[in-house]
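Input: a single structure, listed below in structure tokens.
Taken together, the values in this text are just the output of simple stated rules run on the coordinates, not laboratory data. Not measured: the values here are computed from a predicted model. Backbone-built Cβ (ideal geometry, glycine too); neighbour counts: all protein chains shown.
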Amino acid sequence: MTSAIEADWRRLLEEAAERCRRYLEEIGERRVAPSRETVEAVAGLAGRLPEEPCDPAQVLGRLDELGSPATVANAGRRFFGFVNGGSLPATVAAGWLAAAWDQNAGLAAASPLAARLEEIVLAWVAELLGLPEGTAGGLVTGCTMANFCGLAAGRHHLLGQAGWDVEARGLFGAPELRVVVGAEVHVSLVKALGMLGLGRERVERVPVDEQGRMRAEELPPLDERTLLCLQAGNVNTGAIDPLGPLCDAARQAGAWVHVDGAFGLWAAAAPERAALVAGHERADSWATDFHKWLNVPYESGAVFCRHPEALTGAFRMGASYLEWGSGREPNHFVPEMSRRAHAIEVWAALASLGRRGVAELVERCCRLAARFAAALEQAGFDILNEVTLNQVLVSFGSAAATRRVVAAVQEEGTCWCGATEWQGRTAMRISVINWATTEEDVDRSVAAIVRCAEGVVGEG
Ligand SMILES: *Cc1c(COP(=O)(O)O)cnc(C)c1O
């Protein structure tokens, strides 16, 4: 019997390539947010679950015709929302190979290639980010999971020192751990604490300065039962905690320091910005994303840990049918077992950019953010943050006016920026983090924002 699904690979993949090419070539000129009508038209993909198989080329055609217009142009050059990166050309192409390869990166025996690529990219990134020799790591779906992993390693380590095997015995009856965070901690880190049984609400919050940086002088006394959670890259301002002094204080007290560096840690890879994260290498664990500043497709992030045995202590497992080789087993470092080989695209990104390319990407985004800030200030609007990294906060007067400008900009379609609250003020948040964004894109976006702001003022 033959398979019910016939594969004409040439026809199917050439058609896929053609559809993708058209999508990516047109993305710079289409509106950034999809129109309401195109989003409503996605209903055409609903209806009853099909009873019978369908030709893959037809499936692709329907998906492209209804799906593509309804996408947000995140892959384009003028999407400035949510600290979302785009995807470098080499990573998009490598992602196609990755799909064809269909490797299971969970076990070295299931994919020696994926296991090896993982080791390679973890070493390359550790070097780029200036992490200490001997640092272990694991690839995960994003920084939320990377935070989870780093904190799990810290929990294992601190409780292990107190004579408690938390993986075996759980948290009931365990010695208490304290968790210290900045008042501007990212919500995903707090969620990770909840998942680990450490509690979303029993954290001690350290006050921050006007940029959102933890005030080192307000740090409570730490001890060997404390997880100290620092941040490199505030999602609003881009500000980075004073990592060096905070790491030193924690080390002296025997506390565990975790750094949430989803995007901000990449300052370490750009010589002109590296001072912003000085001392970060003295932490115990680090979480970061590849789908943000490295411009790799979702889902892609990594945890790094100075103490390999703490990470594997948290995640190692065994079963009779799982044969471990003598090398690194990917699933001993992260929660997942079977998963995509994210390392393929990360490798492609790093191989295509090189050290200099990564540094330039980071530096260019920071320069473009400064260009945004200067032009909007020149146009008479308030910049609410020190633009030291890639984030810009702009106020257009009252909270209501600012919200109306943000809505008008999203509707107008030249670019996309979100709204946020910063220290009691409503702001438009601009995040420059796409490899393809140019000065011309910034100027075009500023012109559109200014037009929208004038329209809002005109409404009175
Ligand atoms: C984006 C972000 C996260 C969450 O990362 P995901 O990849 O979305 O899971 C955590 N912390 C900070 C500071 C972030 O910017």
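Things to note:
- Take every DSSP beta bridge whose two residues both sit in the chain; close to 60 percent of them are antiparallel.
- Relative to the 2.2 N^0.38 Å rule of thumb, the range 108-223 has a C-alpha radius of gyration ratio of 1.27.
- For the chain, taking Cα atoms only, Rg and Dmax work out to 23.4, 73 Å respectively.
- Within the range 233-327, chymotrypsin sites (Phe, Trp or Tyr not before Pro) in DSSP loop having at most 14 other beta-carbon neighbours inside 10 Å: Tyr321, Trp324
- The range 335-410: GluC sites (Glu not before Pro) falling in loop per DSSP and having at most 14 other Cβ within 10 Å: Glu386
- Taking all C-alpha pairs of the range 158-212, those more than 15 Å from each other amount to 54 percent.
- Under 5 Å from the amide H of Arg178 lie the amide H atoms of Thr226, Leu227, each residue being 5 or more positions distant or on a separate chain, with H modelled from the backbone and absent for Pro and chain starts.
- Applying the criteria of a DSSP loop state and at most 14 other Cβ atoms within 10 Å to the GluC sites (Glu not before Pro) of the range 147-204 yields Glu176, Glu201.
- Taking the number of Cβ atoms within 10 Å of each Cβ as an exposure proxy, the fewest-first ranking of Met214, Met145, Met195 is Met195, Met145, Met214.
- Ranking of Cys54, Cys229 by count of other Cβ atoms within 10 Å, fewest first: Cys54, Cys229
- Cβ-based exposure ranking for Ile449, Ile344, in which fewest neighbours within 10 Å come first: Ile344, Ile449
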